[in-house]
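Report on one structure; see the data block that follows.
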Amino acid sequence: KIRLSGQYHMNEKDGEWAHYNDLGEIRTVEYYDKGKKTGIWLDFMERGGVVKRYDWDKQHKLPPYLPTVNIDYPARGIEEAIEGEVQIKFLLDTDCRIKKAIPIKTLGEDFEKAVIVGYQKVLSLSKKHGLEIEGCDVGERIFSINFVLN
């Protein structure tokens, strides 16, 4: 099994280097310019999980990527070919839990519910990985989802 892949230039690491786990999945991606660490390095924490990032050029951590949160398309939306944006303002308590959800732009209650459930998933993942949650400091956040049929 491949554990590490990359290239050398004049006996120095150069370009993209990837480390793999026992399942053959990428664990980390690193970049070098003639042996010098450069670019944004990625650390894939767990399958389908958070991805930590570090910018070697600017010497600081970047906000991590969270896994994609899937939001169920409401059945009525599929049946009636409804597309569009849903925007909800969430009022949050000091522990960043939802106190109230106020629809700003809607396609119906079923779409609102889908967005609320999706935002709850985002909150849960953010808390699980110890990430700062946007809007908690001021007690509110507007969350938008654009529903599009394929």
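Figures for the structure shown
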| quantity | calculated |
| --- | --- |
| Qualifying residue in the range 132-150 (condition: of a type in the set (D, E, K, R) and assigned to a helix (DSSP H, G or I)) | no |
| Those residues of the range 1-27 which are of a type outside the set (S, T, N, Q), open to solvent by less than 60 Å² (accessible area, probe 1.4 Å) and part of a loop (DSSP other than H, G, I, E, B), in sequence order | GLY24, GLU25 |
| Sole exception among (1) under 29 Å from PHE147 (Cβ atoms); (2) without any contact (Cβ under 8 Å) to a residue 24 or more places away in the chain; (3) open to solvent by less than 50 Å² (accessible area, probe 1.4 Å) for PRO67, by number | (2) |
| Among the residues listed as LEU107, LEU92, LEU123, the single one being surrounded by 15 or more Cβ atoms within 10 Å (Cβ to Cβ) and within 17 Å of PRO67 (Cα to Cα) | LEU123 |
| For GLU30: the one exception among (1) open to solvent by less than 60 Å² (accessible area, probe 1.4 Å); (2) at pLDDT below 95; (3) not β-branched (Val, Ile, Thr) | (2) |
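The values are calculated or read from the model by the stated rules, or taken from the named source; none is laboratory data. Here the structure is a predicted model, which is why all the values come from computation and not from measurement. Glycine gets a Cβ as well: all are built from the backbone with ideal geometry, and neighbour counts include every protein chain shown. All accessible areas refer to the heavy atoms of the entire protein, side chains included, with ligands and DNA or RNA removed. Shrake-Rupley method; radii C 1.70, N 1.55, O 1.52, S 1.80 Å.
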